[in-house]
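Participant: Dropping the structure in here first, questions after.
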Amino acid sequence: MTSEAVVENAERSEPGPPPEEPRGRRRRRSRRGGVLAAAAVVAAGGVAVVATLGLGGGGPDGGAAATGLPPNTAQVTKQTLKDTEEADGELGYGPATTASSRLRGTLTALPESGSTISRGKPLYYVDDDPVVLMYGSKPAYRPMRVGTEGADVKQLEKNLSALGYDGFTVDDEYTSGTAAAVREWQDDRGLPQTGSVELGRVVFAPGAIRVDGVDAAEGDPVQPGSKVLTYTGTAKAVTVELETSDRRLAKKGAQVEVTLPGERTVTARIDEVSTVIEQGDAPDAEPTTKIEVVIWLTGEEARKAAKDLELASVDVAFTAETRENVLTVPVTALLALREGGFGVEVVSGGRSSYVPVETGLFAGGRVEISGAGITEGTVVGVPK
């Protein structure tokens, strides 16, 4: 994948033997009799490298007139450059979350993998009493009873209200009205009508869930901390693992293009970016660090396109940087000037001259340039 261009400066010492050329490229000879220092961008190992192909021996001086014309030319064009890179992704339901018991007892009923559970429905049973799913971003962490105050109380009351219970104000205070609604809810679920919610009776998740896997079996004893199952959301998501060197591609909120099976391409945005450490397969293997990117396919077009797909491999195109309406030339038009920096050979009126330029973004075989006299339509030399 492409990252920032790395420039290898030409040596200022006396000319020595010609350097070894990259395979498949030829050195261009200056019409002044020496080796013209040409520049090429070589994509290798994810790094774009600007490397000089010749040193000394009469290389071009900035602004100096050439005595002949280049074999080929190209025009300076104004366009939008995008530093776009592709990576492999996996279509699924996003990262899985573990649901652990906070109760002691025996598992008496469990859901099947792949089943969907919504608000107010049992997630699993301990001693024949249901552990119920409710919606919220804050995990349950304490018992709730009359006098308890906090964001978790408000979260519980929102769920009770959404399930049709009333007689209380949805706020952060657990009142006698809340307790009455809880007793009614407990009666409907076949639970002891205590008016208090014990820790572990409710599991909060952001929304409806899909059971990803079951980590226990009916009849297993459980205690606080025992893993019961893993779950995901119900929306489709694409997960991509990037090398840490490609962190620049993973910007939360950035737009990406996802190519699904059947060559259907949809637009989405990066929702989550996290660093994960993966243990090696062998006991003595060093762990590796990866950047995990999650892209939820929640847009209408994306949802429809992924509706009938389950687990699948996809391609994700990341755009790390965009430069709009900039002047560009083919990368091969760049020349490494003897006095340092880069230039292009401008062709005009049957003559050519070397003009220093500043370089910007490299992308798609082209490079952003700017310099005195460089305008849209300027003709520059390129090698054969």
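Bear in mind that the values in this text are calculations on the coordinates, not laboratory data. Since the structure is predicted, the reported quantities are computational estimates derived from the model, not experimental observations. Neighbour counts run over all protein chains shown; Cβ positions are idealised from the backbone, glycine included.
Participant: If Lys and Arg each add +1 and Asp and Glu each add -1, what is the summed charge of the other residues whose beta carbon sits under 13 Å from the beta carbon of I374?
Facilitator: In short, -3.
Participant: Efficiency by 1/(1 + (r/R0)^6): what FRET value for E310 and D284, r their Cβ-Cβ distance, R0 = 41 Å, to the nearest 0.05?
Facilitator: My answer for the efficiency is 0.65.
Participant: Could you tell me which of rounded, prolate or oblate describes region 97-233, using a ≥ b ≥ c as the square roots of the eigenvalues of the alpha-carbon gyration tensor, with rounded for a/c under 1.5 and, failing that, prolate when a/b is larger than b/c and oblate otherwise?
Facilitator: The shape class here is prolate.
Participant: Just list whichever of K252/K290; K78/K251; K154/K252; K251/K307; K158/K227; K121/K227 have alpha carbons separated by over 23 Å in the model shown.
Facilitator: From the list (K252/K290; K78/K251; K154/K252; K251/K307; K158/K227; K121/K227), the Cα-Cα distance tops 23 Å for K78/K251; K154/K252; K251/K307; K158/K227.
Participant: Follow-up. Suppose the chain between E376 and R351 were pulled fully straight at 0.36 nm per residue; how much longer would it get relative to their current alpha carbon spacing?
Facilitator: 7.1 nm
Participant: Determine the sum of side-chain charges near T148: Lys and Arg each +1, Asp and Glu each -1, restricted to other residues whose C-beta is under 10 angstrom from that of T148.
Facilitator: After counting each charged neighbour, the total is -2.
Participant: Under a Cβ-only charge scheme (Lys and Arg +1, Asp and Glu -1), can you give me the dipole magnitude of region 97-233 about the Cα centre, in debye to the nearest 20?
Facilitator: In debye, rounded to 20, region 97-233 gives about 260.
Participant: Moving on to the next point. Picking from L337, T322, T288, whose Cα lies most toward the positive end of the charge dipole for region 260-384 (charges on Cβ: Lys, Arg +1; Asp, Glu -1)?
Facilitator: L337
Participant: Moving to a separate point now. Which order do K121, K138, K307 fall in if you start with the one that has the fewest other Cβ atoms within 10 Å?
Facilitator: Fewest-to-most ranking of K121, K138, K307: K307, K138, K121.
Participant: Using Cα centres only, tell me the gap between region 97-111 and region 258-304 in whole Å.
Facilitator: For region 97-111 versus region 258-304, the Cα centre distance is 29 Å.
Participant: For the pair R264/A235, report the inter-label distance in nm, with labels modelled 7 Å from Cα in the Cβ direction.
Facilitator: If labels sit at R264 and A235, their model points lie 1.8 nm apart.
Participant: Between K252 and E86, what is the spin-label point distance in nm, taking each point 7 Å from the Cα along the Cα→C-beta axis?
Facilitator: For the pair K252/E86, the computed spacing is 2.9 nm.
Participant: Moving on. Please give, to one decimal in nm, the separation of the simple spin-label points placed at R119 and R104, each 7 Å out from Cα toward the Cβ.
Facilitator: Reported label-point gap for R119 and R104 is 3.4 nm.
Participant: Local charge sum around L199 (other residues, Cβ-Cβ under 9 Å, Lys/Arg +1, Asp/Glu -1)?
Facilitator: +2
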